[in-house]
Amino acid sequence: MKASSHVWVLITTMALITVTIMSVMDFSFNWIFYCTVLGQTLVILMVYKVLKEKYSTHKVFDDFYEDAPIGDRIN
């Protein structure tokens, strides 16, 4: 993911954490409801932005996992 995708993930996460904090602190139902709708909209927007991002890699399945390259495996 590029830096622009990380921004969308951060914004969405902070919005949904705010909804959780508001519900614990007994805010008015109207505020919680509208923030929840906003959070759901941000989730959809975030997924769209991340999936439509121009990102490519040169790795293939033959490279196995990045943290455990197939060349390091003991047979």
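The values are calculated or read from the model by the stated rules, or taken from the named source; none is laboratory data. Computed from a predicted model, the values in this text were never measured in an experiment. As a convention, Cβ positions derive from the backbone with ideal geometry for all residues, glycine included, and neighbour counts pool all protein chains shown.
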query: Going through the range 32-64 one residue at a time, which ones are among the aromatic types (F, W, Y) and either modelled with pLDDT of 95 or more or surrounded by 14 or more Cβ atoms within 10 Å (Cβ to Cβ) (or both)?
result: F33, Y34, F64
query: Taking the range 1-34 only, how many residues are in contact with a Leu (Cβ under 6 Å, 6 or more places away or on another chain) and assigned to a loop (DSSP other than H, G, I, E, B)?
result: 0
